[in-house]
Amino acid sequence: MKKILILGGYGGFGARLSGLLAERGHHILVAGRSQLKAEKFCQKIKNGQALQMDRNGDIQQAITQYQPNLIIDAAGPFQGSSYRVAEHSIASAIPYLDLADGRAFVCGIGKLDDAAIAAGVPVISGASSVPALSGAVIRHLASETEHVEAIEMAISASNKATVGSSVSKAILSYVGKPIRVRRAGHWDTGYGWQDIRSIDFDVNDTPGIGLRLVALADVPDLELVPRQFENMPSVSFRAGTELAFQNLGLWMASWPVRWGWIKSLEPAAKFLLSFQNITRVLGSDISGMKVSLFGHRAGKPCRKTWTLIAQKGDGPQIPTFAAVILAEKILRGQLKPGAYDASQLLTLSEFQSLFDCHAITHETVFRETAPSLYRRVMGCDFEQLPGSLQQLHTVLRDGGFRGEAQVTRGKNPLARLIASIFGFPSVGKHDLQVHIKVDGKGERWTRRFSGKNFTSHLRKSGRFLTENFGPLQFQFALPVTDSRLTMVMTGWKFWCLPLPLFLAPRSEASEWEESERFHFDVPITLPLVGLMVHYRGWLEPC
């Protein structure tokens with residue numbers, strides 16, 4: 001019988017992990033700050049022994065006294081935490097494992113690599129839903145997929161799931177704070193619990209959970225996953241609870257932090273936990289996880305999606321599964337010495353036996369994606385475009401381009417005022433970045449001129465392309481002449497109200513290839529006013 005010391009062994013995830021490992025015949029040293037709580041919990045499991053121990057206190061004496069075969073840190077929160085538990089493990093030549101989901105903590109575990117190798121023990125961080133399970137799913141989806149363009153992950157927890165104070169602190173530690181994310185071919189900045197959206201978590205032949213709100217969360221995958229692919233694709237991760245008002249409330253609370261009005265929401269962790277407990281009577285006992293990968297297969301654009309549904313309150317069990325599998329691999333001597341994260345250690349099939357023991361189902365769906373927006377509008381004429389134009393107009397999910405633009409503006413004061421209201425760039429030479437985000441409705445184009453953004457939304461309307469700037473909608477035909485694409489305005493609207501074409505801004509934007517590089521020219525003039533703005537330049541993939 002192997003002896004496993006679990007710090008936080010009677011807490012939210014620690015209790016589940018202790019129970020699973022005890023059922024597998026291991027002797028569990030259930031450690032926590034309260035001897036009474038540890039003893040009470042040990043009455044519920046076999047092979048349990050209670051210890052009073054604080055992960056932030058003096059733990060070396062207990063390690064020396066009990067000499068466990070493995071130390072697992074399930075206490076958390078790991079955001080802002082030190083590596084002192086792992087360092088004590090290395091000093092005692094005892095393998096170490098944790099359930100960390102703190103980005104800096106997991107991604108930085110490699111600093112202990114030399115010491116762990118010298119001690120001859122594995123030191124593994126992130127043995128949880130992220131990045132261990134998510135990493136296994138991504139590799140499963142990436143098989144037989146060429147040129148991965150984007151990966152999107154989301155987790156929605158049942159409202160009846162028990163959440164400990166460490167989880168609340170972990171979430172609030174990054175709400176409203178800047179998060180480094182990979183978007184549009186470069187590293188960009190998002191904000192915790194913003195970029196909120198609805199995700200469909202349904203699975204065939206299983207009572208699904210439908211649409212749920214999720215928002216941007218800071219996890220190790222945002223740093224680890226892009227580096228696993230040569231082209232470093234876009235990666236996003238969102239999380240949320242099943243109740244929309246909870247997610248919206250946290251989203252609203254994120255803004256004062258982003259604006260700098262308050263430093264952090266972390267001091268409100270007790271309030272968040274109390275509020276969640278009060279509202280636990282609402283909602284269901286169903287949790288979901290979804291990972292979507294966008295790429296190409298056999299030269300054709302495709303989307304692969306893996307969706308998991310956990311019923312009967314089994315969702316909170318999932319973060320412990322990777323730790324169970326890896327703990328037994330460590331005890332069998334199957335993992336090499338050194339300090340590393342868990343993102344590439346497991347396969348999806350290794351989780352199946354644990355899924356089968358719980359009310360958990362999952363499925364993988366492959367589908368070829370629809371042709372790109374411009375291809376749908378232009379039909380066969382799209383094939384007449386040069387390669388650089390086709391590349392820019394066939395973004396599958398999330399694409400980025402960069403280049404230069406020269407901007408001029410008209411001298412009429414009214415033209416200058418209108419250009420400023422619409423957020424058009426200032427006069428001069430600019431570094432230009434273009435982010436094209438594709439969804440089921442069309443494309444969102446964000447143009448960043450020397451750091452200043454302006455955005456429009458494009459979609460297909462009949463045989464035309466429409467572009468929305470706020471309440472104004474412009475309709476274009478897309479003729480191709482001598483390999484040059486031109487946007488010819490055929491109508492415009494304010495909201496749903498058609499407006500006379502003779503009053504419309506004049507703009508015949510054109511695109512062409514020069515020296516295998518995408519070039520553009522966009523003049524915009526106003527009737528009776530003259531030139532409003534004119535920008536021209538070039539772009540290439542990021």
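The values are calculated or read from the model by the stated rules, or taken from the named source; none is laboratory data. This is a predicted model, so every value here is computed, not measured. Glycine gets a Cβ as well: all are built from the backbone with ideal geometry, and neighbour counts include every protein chain shown. What goes into the accessible areas is simple: the full protein's heavy atoms, side chains included, and nothing from ligands, DNA or RNA. Shrake-Rupley method; radii C 1.70, N 1.55, O 1.52, S 1.80 Å.
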Legend entry - For the range 208-267 and the range 286-302, distance of Cα centres in Å: 20
Inset, instruction - Pick out, in residue order, every one of the GluC sites (Glu not before Pro) in the range 109-154 that is DSSP loop and has at most 13 other C-beta atoms within 10 Å; say none if there are none. - result: Glu144
Legend entry - Nearest 10 degrees, 0 to 90: helix 12-23 Cα axis against the chain principal axis: 50
Legend entry - C-alpha long axis of helix 269-278 to longest principal axis of the chain, angle in °: 90
Inset, instruction - Quote the relative contact order of the range 252-375 in percent (integer), defining contacts as alpha-carbon pairs under 8 Å separated by 6+ residues. - result: 28
Legend entry - Cα convex hull of the chain - mean projected area over all directions, nm²: 28.2
Inset, instruction - Using the Karplus curve 6.51 cos²θ - 1.76 cosθ + 1.60 with θ = phi - 60°, work out ³J(HN,Hα) for each residue of the range 45-60 in order, rounded to whole Hz, and write x for Gly and Pro. - result: 10, 8, 6, x, 9, 7, 9, 8, 7, 10, 4, 9, x, 7, 9, 5
Legend entry - Whole-number accessible area per residue in Å² for the range 264-307, which is evaluated in the context of all protein chains at 1.4 Å: 47
Inset, instruction - Roll a 1.4 angstrom probe over the protein heavy atoms and tell me the percent of accessible area of the chain that is carbon or sulfur. - result: 54
Inset, instruction - Return the long-range amide H neighbours of Leu526 (sequence gap of 5 or more, or a different chain), with a cut-off of under 5 Å between placed amide H atoms. - result: Arg506, Leu531, Met532
Legend entry - Cα-centre dipole for the chain with unit charges at Cβ (Lys and Arg positive, Asp and Glu negative), debye to 20: 1220
Inset, instruction - First select every other residue whose beta carbon is under 10 angstrom from the beta carbon of Phe520; then total the charges, Lys and Arg +1, Asp and Glu -1. - result: -1
Inset, instruction - Give me the net charge of Lys429's neighbourhood, meaning all other residues with Cβ under 13 Å from the Cβ of Lys429; Lys, Arg count +1, Asp, Glu -1. - result: -1
Inset, instruction - Might you work out the accessible area of Cys496 for me, using a 1.4 Å probe with all protein chains in place, and round it to the nearest 10 Å²? - result: 120
Inset, instruction - Select from the range 196-305 those GluC sites (Glu not before Pro) which occupy a DSSP coil region and have at most 13 other Cβ atoms within 10 Å, ordered by residue number. - result: Glu230
Inset, instruction - Quote the relative contact order of the chain in percent (integer), defining contacts as alpha-carbon pairs under 8 Å separated by 6+ residues. - result: 13
Inset, instruction - For the range 431-542, just run the numbers: alpha carbon Rg, then divide by 2.2 N^0.38 Å, N being how many residues it has. - result: 1.10
Legend entry - Cα centroid separation, the range 66-103 to the range 410-435 (Å): 54
Legend entry - Surface accessible to a 1.4 Å probe, Arg376 within the full protein complex, Å²: 100
Legend entry - the range 347-366 versus the range 1-43: alpha-carbon centroid distance in Å: 25
Legend entry - Relative contact order (%) - criterion: Cα under 8 Å, at least six apart; region: the range 58-137: 30
Inset, instruction - Multiply the residue gap between Lys263 and Glu39 by 0.36 nm, knock off their C-alpha separation, and tell me the result in nm, one decimal place. - result: 76.8 nm
Legend entry - Restricting the range 386-469 to trypsin sites (Lys or Arg not before Pro) in coil, as DSSP defines it, with at most 11 other Cβ within 10 Å: Lys411, Lys441
Inset, instruction - Show the residues, 5+ positions off or on another chain, whose built amide H is closer than 5 Å to the amide H of Asp398. - result: Val438
Legend entry - Karplus 3J(HN,Hα) series, Hz, for the range 329-342 with 6.51 cos²θ - 1.76 cosθ + 1.60 (x for Gly, Pro): 5, 4, 5, 8, x, 9, 10, 6, x, x, 10, 7, 8, 8
Inset, instruction - Determine ³J(HN,Hα), in whole Hz, for all residues of the range 75-91 in sequence, where each value follows from phi through the Karplus function 6.51 cos²θ - 1.76 cosθ + 1.60 and θ = phi - 60°; x replaces Gly and Pro. - result: 7, x, x, 9, 5, x, 7, 8, 9, 4, 5, 4, 5, 5, 4, 5, 4
Inset, instruction - Return the long-range amide H neighbours of Phe518 (sequence gap of 5 or more, or a different chain), with a cut-off of under 5 Å between placed amide H atoms. - result: Leu539
Legend entry - Among 7-20, 289-302, the order from most to least packed when residues are scored by Cβ within 10 Å on average: 7-20, 289-302
